[in-house]
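*Asks:* Input: one structure, supplied below.
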Amino acid sequence: MMKDTLHLKAPGNWINDPNGFIYYRGEYHLFYQHFPYAPRWGTMHWGHAVSRDLVHWEHQGVALFPTKSYDQNGVFSGSAMEVDGKLRLYFSAVRYLAANPEDIHCADGDAFVTSQAMIVSPDGKTFDNFGQKRQIIPVLEDAAIGDAKDTRDPKVWKTKDGYAMILGSTGPDQTGRALIFHSTDGEHWSYQNQYRSPAFGKMLECPDLFEVDGQWVLVGSPMGARRTGVQYYDQAKCAPVAFEEETGTLSLQGDFRILDDGRDFYAPQTTLDEEGRRVMIAWMRMPRPVETSADGRGAWNGMMTLPRVLHWKDGWLYTSVHPAVDALFTKPVALQDVAFDKPFRLKAKLSEGDALNVCGYRIRVENGCIAGDRSDVFDGIEGYSLTAKTPAVEGTTAALDIFVDSHVIEIYIDGGWHVLSHVIYGAKPVLEGAFDSVWTMDGEV
Ligand code: FRU
């Protein structure tokens, strides 16, 4: 089976959202939206990868695929839960009203309906797509609750007296909604409550709701969150909320903010790691496939971010790099000895006017903000933003922790106060600037 170290990449063809992220029987399982036939989006399957440490991944092939009339056109995003030692996967099941006659992987006129379904795996290794799936929430018929087409991405968790589910949806007013369902057994669900917000754009995708350091946080990916003339309009956001499990009541306790300043980042999902830390992984969107790769995966499109640990501190959600990533970079090297064909890590402290060149990717401090510029490492691809920046940093210097892999750069600023991640194409073997330290990975890539 194909392996990935550091960033989990499509094993070939296409991936998007992380799904069913869970620590189960001593291993991390990360499923993902997968189209196995071409490096573009199409009829969704769940691909599957496992890891012992969140940074060495082994692809396991396809776990879920369409088998039922209700999921015949796609097994959309969802989550995982362990119940009685078994692995339950919750997903959105898509059925097109008609397929596009020239491209059966897309709905004709974008007309489809969505229900929610689950499958039980006895061991996280075998998935009986024919015998073990069941529909748990039928297509919504009451528009006052949510949309028959656009209601999806169940995130499920255990509550004091049962189970809760949050779903993304929209309504006749074209405003995004988060729906809360409740269940005593995780199988029979009833609608409980909802929360609407203009911050959810025209439709909310991939919501996640959890408590970290005593604060409830809502994470979600609203469609149409941003209007600038360049991609991407859909952006992942987070906000502190109050949540009452008994009634499923959500209320905002602060502002929504964009989770990653680079804006390729989308559809994050969290879980608890082995030590009980809240860990998040998101999809890094790529505007075009990588056509060749040395390891035989063929053309591929899409990868995951590094695992990030979430902390609520001083009224702010910090997303810092997971200790498993730290444990990987144990070898300090001299700048001139960096091997550009392997991932590496750079640390630097920057003040106003300072600049770095990392493989052709430029990092600068401009008016107190950390700015990233991929103009020289984006292969002339048009229609996407080339530059991005954080808000102004407090104090005069910012500590940058930079991770470089073949098609992605992640910059963690001041211990995860902000993160700026960018997809890049055509990285060059260049490193310029004042770095405090440079690190390569210990062991095999
Ligand atoms: C987000 C999303 C989800 C959906 C899935 C389909 O990227 O649109 O809402 O379940 O991707 O692949």
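*Asks:* Being in the same structural domain as Asp213 (by TED's automatic domain parsing), touching a residue at least 40 places away in the same chain (Cβ under 8 Å) and touching a helix residue (DSSP H, G or I) at 6+ places or on another chain (Cβ under 7 Å) is true for just one of Leu310, Leu272, Leu306, Leu250. Which residue is that?
*Replies:* Sole residue among the options that is in the same structural domain as Asp213 (by TED's automatic domain parsing), touching a residue at least 40 places away in the same chain (Cβ under 8 Å) and touching a helix residue (DSSP H, G or I) at 6+ places or on another chain (Cβ under 7 Å): Leu306.
*Asks:* Here's something else I'd like to know. Hey, which of the strands (runs of 3 or more DSSP E) in region 4-110, taking only ones fully inside, have at least 3 residues that are outside the structural domain of Lys149 (by TED's automatic domain parsing) and either under 29 Å from Val309 (Cα atoms) or more than 13 Å from the ligand (Cβ to nearest atom) (or both)?
*Replies:* none
*Asks:* Find the residue count for region 400-445, including only residues that are closer than 18 Å to Ala334 by Cα, part of a strand (DSSP E or B) and either at pLDDT below 95 or of a type in the set (Ser, Thr, Tyr) (or both).
*Replies:* So the count comes out to 2.
*Asks:* Let me ask something additional. Let me spell it out: the conditions are (1) within 16 Å of the ligand (Cβ to nearest atom); (2) part of a strand (DSSP E or B), and Ala225 meets all of them except one. Which number is the exception?
*Replies:* (2)
*Asks:* Would you mention how many residues in region 230-245 are within 16 Å of the ligand (Cβ to nearest atom) and touching a helix residue (DSSP H, G or I) at 6+ places or on another chain (Cβ under 9 Å)?
*Replies:* Number satisfying all stated conditions: 1.
*Asks:* Filter region 153-168 for residues that are small (Gly, Ala, Ser) and within 14 Å of Gln192 (Cβ to Cβ); which is surrounded by the most Cβ atoms within 10 Å (Cβ to Cβ)?
*Replies:* This residue is Ala164.
*Asks:* Next up: Could you count how many residues in region 219-238 are β-branched (Val, Ile, Thr) and surrounded by fewer than 21 Cβ atoms within 10 Å (Cβ to Cβ)?
*Replies:* 2
*Asks:* Same structure again: Restricting attention to region 130-146, does a residue exist that is charged (D, E, K, R), at pLDDT 95 or above, farther than 15 Å from Gln192 by Cβ and within 23 Å of the chain's Cα centre (by Cα)?
*Replies:* no
*Asks:* Residue pairs, Cβ under 6 Å, 6 or more apart or interchain, first in region 416-427 and touching a residue at least 60 places away in the same chain (Cβ under 8 Å) and assigned by TED's automatic domain parsing to the domain that holds Lys389, second among the hydrophobic types (A, V, I, L, M, F, W, C) and not in a strand (DSSP E or B). List them.
*Replies:* Within 6 Å, the pairs are Val423/Met286; Ile424/Val377; Gly426/Val377; Ala427/Cys359; Ala427/Val377.
*Asks:* Considering only region 251-290, how many residues are of a type in the set (Gly, Ala, Ser), closer than 20 Å to Ser51 by Cβ and away from the ligand (no atom under 16 Å from the Cβ)?
*Replies:* The number of residues fulfilling the criteria is 1.
*Asks:* Between Gly248, Gly296, which is more than 18 Å from Leu8 (Cβ to Cβ) and either within 16 Å of the ligand (Cβ to nearest atom) or not aromatic (Phe, Trp, Tyr) (or both)?
*Replies:* Answer to the selection: Gly248.
*Asks:* With respect to Pro268, is the statement that it is part of a loop (DSSP other than H, G, I, E, B), of a type outside the set (Val, Ile, Thr) and at pLDDT 95 or above true?
*Replies:* Against the criterion (part of a loop (DSSP other than H, G, I, E, B), of a type outside the set (Val, Ile, Thr) and at pLDDT 95 or above), Pro268 does not qualify.
*Asks:* In addition: Just give me the residues in region 282-333 being within 19 Å of the chain's Cα centre (by Cα), closer than 22 Å to Ile424 by Cα and not in a loop (DSSP other than H, G, I, E, B), in sequence order.
*Replies:* Ala282, Trp283, Met284, Trp300, Asn301, Met303, Met304, Arg308, Thr319, Ser320, Val321, Val325
*Asks:* Could you say which residue among Val230, Val219, Val212 is modelled with pLDDT under 95 and in the same structural domain as Val279 (by TED's automatic domain parsing)?
*Replies:* Going through Val230, Val219, Val212 in turn, the sole match is Val230.
*Asks:* Continuing with this model, one more query. Out of all the residues in region 237-265, which are acidic (Asp, Glu) and in a loop (DSSP other than H, G, I, E, B)?
*Replies:* Those that are acidic (Asp, Glu) and in a loop (DSSP other than H, G, I, E, B): Glu245, Glu246, Asp255, Asp260, Asp261, Asp264.
*Asks:* Output yes when any residue across region 200-209 is away from the ligand (no atom under 16 Å from the Cβ) and either farther than 22 Å from Ala93 by Cα or not assigned by TED's automatic domain parsing to the domain that holds Asp142 (or both), and no when none is.
*Replies:* For region 200-209, residues away from the ligand (no atom under 16 Å from the Cβ) and either farther than 22 Å from Ala93 by Cα or not assigned by TED's automatic domain parsing to the domain that holds Asp142 (or both): absent.
The values are calculated or read from the model by the stated rules, or taken from the named source; none is laboratory data. All values derive from a computational prediction rather than experimental measurement. Because the Cβ atoms are built from the backbone with ideal geometry, glycine has one as well, and the counts that use them run over all protein chains shown.
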